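Read-outs: derived from the displayed coordinates by stated rules, not from any lab. Everything numeric in this text was worked out from a predicted model, so none of it was measured. Because the Cβ atoms are built from the backbone with ideal geometry, glycine has one as well, and the counts that use them run over all protein chains shown.
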Amino acid sequence: MNHLSKKKILLIICGGISAYKSLEIIRLLKKNDVTIKTILTKSGAEFVTPLSIASLSQSKVYQNLFSLENEVEMDHISLSRWADLILIAPATANTISKLASGSSDDLASTVALASDKKIFIAPAMNVRMWSHESTKQNIAKLKTYNYELIGPEIGDMACGEFGEGKMSEPKDIVSEISNYFKNLKKRHKLKAIVTAGPTNEYIDPVRFITNKSSGKQGYEIAKSLSKNGFDTTLISGPTNLEISNDINLIKVETAEEMFQATLKSLPAEVAIFSAAVSDYKLKKSSETKIKYQDHLSLELEKNVDILSYVSNHNSLRPKLVIGFAAETNNLKDYANKKLNKKNCDWIIANDVSNKEIGFNSDFNEVTIIYKNKKADKIKYRSKSEISDEVVEKIVNHLN
Ligand code: CTP
């Protein structure tokens, strides 16, 4: 089955010797019944001509940000929305740097910044440029922005050197894109729920009990699920984070609100409970601000355990229920106990005693503990990369 058929792809060609391979990408995409529009950057035009692109793609080539003709026909915002997917091939170190910094000084970077679609980049550059720390950091940043990387490969370079930085072959690039659409279709109907962030339990109108949690890991998991084709609902306590609008975001504040939002969002095939839900709430919170006093005692009562409720509910229980265990000591032991006590299928355990990882950090290190197989450790990585690995395991499990 042709998963590319009738798809709309916006191809951005930057300046590099491998720009000639983009013509082959166009040819392969056309062969697979894809509609293509192309943006050719100023330096890209030094390597391939608009005429050859237009002839092969049978479509217009866009070059300038401030072109009256283009803006009337299709402005840069519409262009970014028109596509099902954006492919930047070759992506130069310069363009990668612009995308990482959010710069928008030409048509290509403006369209990428304005896009709400999946963006694939196929880097091509000299081996030293690719291994330079600044490029590494830019790539890491782009991954957190949900860009998908294809390649680069190791091999002989046009400059005569050998190493990593060669653009992937057109047939491999086209095959990755085809796989993306294939997976998207496969999981189109699968629903996933993620809880994230802390909850606030009010003592009075200006004070509350909360848990330490940035919500970053949960948000990254929601992003990975969505980019893998899951219909994703993120139920989030108060955080400073933002999420793209292809994810259904439900903002809540208290554990009770999180519980109600979770029930409303079910049924789902997968539920991931990453929220740091406050275990207790005030038996009765004060409607007016409590005035300073020498002694104050607060009467607390237990909050509903959302994860346990869902995982023990016969008809509501998703196929795969995943909990989190953030521990400061006895990680494996406590996490194993939680797995059984809360009746979940997997527990993602992380050690929060290490300041480098966990809370508020962009990095983490986790162990996935399963009900009936050996645990998997995911070593120190960005939260985005960890999420991609977790979601890959979810996909394999559901398959
Ligand atoms: N959880 C939940 N609802 C609660 C408390 C916890 O859904 N009221 C979920 C969390 O989202 C997490 C898992 O249960 O996936 C474990 O949370 P944690 O706070 O570590 O567990 P507790 O049962 O509160 O254990 P303890 O605080 O004693 O470690």
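Before moving on, here are some points about what is shown:
- Eligible lysines near Lys319 by straight Cα distance, threshold 16 Å, same-chain separation 8 or greater: Lys189, Lys191, Lys342, Lys371, Lys393
- Cross-link pairs Lys227/Lys374; Lys182/Lys379; Lys136/Lys383; Lys21/Lys171 - those with Cα-Cα distance over 18 Å: Lys227/Lys374; Lys182/Lys379
- Total formal charge among the other residues, if their Cβ is under 9 angstrom from that of Ser308, Lys/Arg +1 and Asp/Glu -1: +1
- Applying the criteria of a DSSP loop state and at most 14 other Cβ atoms within 10 Å to the trypsin sites (Lys or Arg not before Pro) of the range 200-302 yields Lys212, Lys283, Lys284, Lys289, Lys291.
- Using θ = phi - 60° and Karplus 6.51 cos²θ - 1.76 cosθ + 1.60, couplings along the range 291-299 (whole Hz; Gly, Pro as x): 7, 4, 8, 5, 10, 9, 10, 10, 9
- Under the combined filter of DSSP loop state and at most 10 neighbouring Cβ atoms within 10 Å, the range 195-262 retains these GluC sites (Glu not before Pro): Glu242.
- The angle between the Cα long axis of helix 133-144 and the longest principal axis of the Cα atoms of the chain comes to about 60 degrees, rounded to the nearest 10.
- The long axis of helix 170-186 is offset from the longest Cα principal axis of the chain by roughly 40 degrees.
- Shape of the range 1-159, Cα gyration tensor, a/c cut at 1.5: rounded
- Annotation: amide H-H contacts under 5 Å for Phe208 (H modelled 1.01 Å from N, sequence separation of 5 or more, or interchain): Ile203.
- Under 5 Å, built H, 5+ apart or other chain: amide partners of Leu249: Leu234
- Once the chymotrypsin sites (Phe, Trp or Tyr not before Pro) in DSSP loops with at most 13 neighbouring Cβ atoms within 10 Å are cut out of the chain, the longest remaining piece is 67-291.
- In order through the range 40-45: 3J(HN,Hα) via Karplus (6.51 cos²θ - 1.76 cosθ + 1.60), integer Hz, x for Gly, Pro: 10, 6, 4, 6, x, 5
- Amide H to amide H distances under 5 Å link Glu148 with Ile119, Phe120, Ile121, where only residues 5 or more positions off or on other chains count and H is placed in the peptide plane.
- Share antiparallel - DSSP beta bridges, the range 8-185, percent rounded to 5: 15
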